[in-house]
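See structure below.
The values are calculated or read from the model by the stated rules, or taken from the named source; none is laboratory data. Please read these numbers as outputs of a predicted model, since none were measured by experiment. Cβ: placed from backbone, ideal geometry, glycine included. Neighbour counts: every protein chain shown. The protein model used for the area step is the full one, side chains on, heavy atoms only, and it has no ligands, DNA or RNA in it. Shrake-Rupley method; radii C 1.70, N 1.55, O 1.52, S 1.80 Å.
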Amino acid sequence: MRKAVISVKGLRESFKDKEVLKGVDFDVQQGEIFALLGSNGAGKTTTVNIISTLLKQDGGEASICGYDVQRDPDQVRQRISLTGQFAALDGMLTGRENLILIAKLRGVSNPAQVADNLLARFSLTEAADRRADDYSGGMKRRLDIAMSLIGTPPVIFLDEPTTGLDPEARIEVWNTIKELASGGTTILLTTQYLEEAEQLADRIAILHGGKIITTGTLTELKEMFPPAKVEYIEKQPTLEEIFLAIIGKKEEIVNEK
Ligand SMILES: Nc1ncnc2c1ncn2[C@@H]1O[C@H](COP(=O)(O)OP(=O)(O)O)[C@@H](O)[C@H]1O
Ligand SMILES: [Mg+2]
């Protein structure tokens with residue numbers, strides 16, 4: 001069996017009286033795109049903040065490349081990058097300047113070269129010398145992801161990478177993420193968009209009510225759903241229907257108790 005690059009076991013977190021995570025479990029293998037799918041407020045960012053060492057959990061454990069997030073936070077930080085829901089770039093600087101700044105901060109030996117390579121890879125060469133403030137939403141997000149790749153971390157967390165983007169920009173970012181994973185990077189992304197999980201993820205975990213209620217490939221999730229009904233045309237269930245069916249079922253079970 002392959003060793004998990006991200007391992008999360010029984011993770012619990014409360015804010016005051018509010019129990020947000022009630023024992024979250026999942027593993028992500030090397031090179032996988034793993035989607036943590038959940039509605040607004042489900043606890044996706046809380047989970048990402050814990051496994052990226054920004055927040056201390058109340059219970060359970062998490063490790064990255066075998067390093068415990070609480071006992072070895074420095075080792076963990078060396079292996080990850082985090083792109084949050086809001087872009088971390090400096091709008092006054094150009095795209096190239098943003099990249100060079102981060103490359104210097106991370107102590108990369110050839111910042112200008114690294115910046116040029118990333119600009120080319122993310123189709124930003126033409127816009128390299130324009131201020132980031134003048135970029136479109138999709139370009140800003142691509143630059144943000146490019147910045148997070150400096151120092152080539154093996155594990156990348158993308159917290160709602162396309163929230164707030166228009167459909168065209170969303171597709172640009174999807175292509176970027178697919179390309180990253182094809183290079184062997186392990187990616188954990190959070191999303192509230194079913195279509196995004198369907199498009200990108202090798203495996204999907206549904207976070208609901210403080211727990212992972214289902215994990216599987218899209219095919220596995222589809223198998224859990226009743227077979228397509230034949231009327232005049234055969235219709236495959238969408239991930240949205242599967243999601244609602246799983247959540248609906250879960251609530252029926254809870255209500256029966
Ligand atoms: N620092 C905090 N203090 C109090 N409540 C918080 C804090 N961070 C998150 N929460 C609450 O925890 C729940 C989960 O939040 P979050 O992890 O941001 O969800 P998601 O990212 O899935 O939208 C929400 O109800 C949110 O209001
Ligand atoms: Mg969030």
>> Just to verify a result, which residue in the range 19-29, among those that are over 22 Å from Thr217 (Cβ atoms) and open to solvent by 40 Å² or more (accessible area, probe 1.4 Å), is farthest from ligand 1 (Cβ to nearest atom)?
In response: Lys22
> Within the set of pairs 6 or more residues apart or between chains, which connect a residue that is touching a residue at least 60 places away in the same chain (Cβ under 8 Å) inside the range 39-50 to a residue that is near ligand 1 (Cβ under 6 Å from one of its atoms) with Cβ atoms less than 8 Å apart?
Replying inline: Gly43/Val20; Lys44/Gly38
>> Just checking, does the range 86-107 include any residue being without any contact (Cβ under 8 Å) to a residue 12 or more places away in the chain and under 16 Å from the mean Cα position of the chain (by Cα)?
In response: yes
> at pLDDT 80 or above and farther than 24 Å from Ile177 by Cβ - does that describe any residue in the range 217-235?
Replying inline: no
> Checking Gly216 against (1) of a type in the set (Gly, Ala, Ser); (2) more than 17 Å from Ala42 (Cβ to Cβ); (3) open to solvent by 10 Å² or more (accessible area, probe 1.4 Å), which test does it fail?
Replying inline: (3)
> Since Ile145 meets every condition but one in (1) away from ligand 1 (no atom under 16 Å from the Cβ); (2) aliphatic (A, V, I, L, M); (3) over 25 Å from Ser109 (Cβ atoms); (4) in contact (Cβ under 8 Å) with a residue 24 or more places away in the chain, which condition does it not meet?
Replying inline: (3)
> Quick check: is even one residue across the range 133-140 in contact with a helix residue (DSSP H, G or I) (Cβ under 7 Å, 6 or more places away or on another chain), of a type in the set (A, V, I, L, M, F, W, C) and farther than 21 Å from Phe34 by Cα?
Replying inline: no
> When the range 194-223 is examined, which residues are found to be aliphatic (A, V, I, L, M) and in a strand (DSSP E or B)?
Replying inline: Ile204, Ala205, Ile206, Leu207, Ile212, Ile213
